[in-house]
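These notes are about the structure you will find just below.
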Amino acid sequence: MITADTITRHEFIGLQTQIVNSTNHQVIGLNGTIINETKSMFTINTQKGMKMIPKITNEWAFTIKGENLIVKGSSIAKRPIERIGAKA
């Protein structure tokens, strides 16, 4: 189960997300569904098409069970299999 404490160790594909802070001010507010993930990038399906966005330079907002969670990209910039199997 995804919680605030364990979100960085879970699968992100399929989750809705929004960029709440970024070194690139043009992407702040971008939102959509994560459709793919690599070590350093999310591919997000937005209203304007698919966008590939670097993880590390952004802060990502997720809503899990009514709770808004902010995740720093630097804490999830690993290969998904490494992050999912990681200990807390």
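Scanning region 10-62 for residues that are in contact with a Phe, Trp or Tyr (Cβ under 9 Å, 6 or more places away or on another chain) and surrounded by fewer than 12 Cβ atoms within 10 Å (Cβ to Cβ) returns a single hit, Met52. Looking at region 63-76, which of the residues that are small (Gly, Ala, Ser) and surrounded by fewer than 16 Cβ atoms within 10 Å (Cβ to Cβ) is modelled with the lowest pLDDT? Per the criteria, the residue is Gly66. Scanning region 16-30 for residues that are under 17 Å from Ile76 (Cβ atoms) and out of contact with any Asp or Glu (no Cβ under 8 Å at 6 or more places or on another chain) yields Gln16, Thr17, Gln18, Thr23, Val27, Leu30.
Scanning region 41-70 for residues being of a type in the set (Ser, Thr, Tyr) and either farther than 13 Å from Phe12 by Cα or more than 13 Å from the chain's Cα centre (by Cα) (or both) gives a total of 2.
For beta carbons closer than 7 Å, sequence separation of 6+ or different chains, a first residue in region 12-38 that is modelled with pLDDT of 95 or more and of a type in the set (Ser, Thr, Tyr) and a second that is exposed (fewer than 15 other Cβ atoms within 10 Å of the Cβ) and not in a strand (DSSP E or B), the qualifying pairs are Ser22/Ile28; Thr33/Gly14.
The values are calculated or read from the model by the stated rules, or taken from the named source; none is laboratory data. The shown structure was predicted, so the numbers you read here are calculated from the model rather than taken from an experiment. Quick reminder, even Gly has a Cβ in these numbers, built from the backbone with ideal geometry, and neighbours come from all protein chains shown.
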